[in-house]
1. Report the net charge of residues surrounding Gly46, where surrounding means a beta-carbon distance below 11 angstrom and charges are Lys +1, Arg +1, Asp -1, Glu -1.
2. Determine the gain in length on full extension of the stretch His45-Glu62; use 0.36 nm per residue of separation and subtract their C-alpha separation, reporting nm with one decimal.
3. Can you work out the accessible area per residue across region 45-123, with the rest of the protein chains kept in place, probe 1.4 Å, in square angstrom?
4. For region 41-124, count all C-alpha to C-alpha pairs, find those more than 22 Å apart, and express that count as a whole percent of the total.
Amino acid sequence: MNKLFTLCLIAAITALCNLSGTAADSKPAPGEKGEKKGADHVPFHGKVDAIDKIAKTLKVGERTFHVTSTTKITKAGKPAGLDDATVGEVVGGSYHGGQEGKLELMSLRIGPKPAKEEQKEEKN
């Protein structure tokens, strides 16, 4: 009886230690202290369906992306602007959820992705 009680006690302590360890390792939810809400970037790609240069928006599929002052825009590996994009052109990049649920572009690549050989030459 004494051995059974000791084994149950050890099992309970081990289980409680494992639970507290996994809770400490978990990532805080967005909006909690220590993490900015919407800080993660999400990649995207597709063809441009519409451009509104006045509102600084770009529609790709069903999503409308907002260009901000911090958006890094490139075309053929060189700095560009929203004016360089045309409807039907292939684009890609990353975005994050901004204020009021808007999809804010962090980066925008206009045109097809550069070939890997071109990327290696640019690094050299």
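The values are calculated or read from the model by the stated rules, or taken from the named source; none is laboratory data. Bear in mind the structure is a predicted one, so any value in this text is a computation, not a measurement. We place every Cβ from the backbone using ideal geometry, glycine too, and count neighbours over all the protein chains shown. Quick note on the areas: whole protein, heavy atoms, side chains included, nothing else; ligands and nucleic acids left out. Shrake-Rupley method; radii C 1.70, N 1.55, O 1.52, S 1.80 Å.
1. Overall, the nearby charge balance is 0.
2. Stretched out fully, the His45 to Glu62 stretch lengthens by 4.9 nm.
3. I get 67 Å² per residue for region 45-123.
4. The proportion of pairs with Cα distances above 22 Å equals 21 percent.
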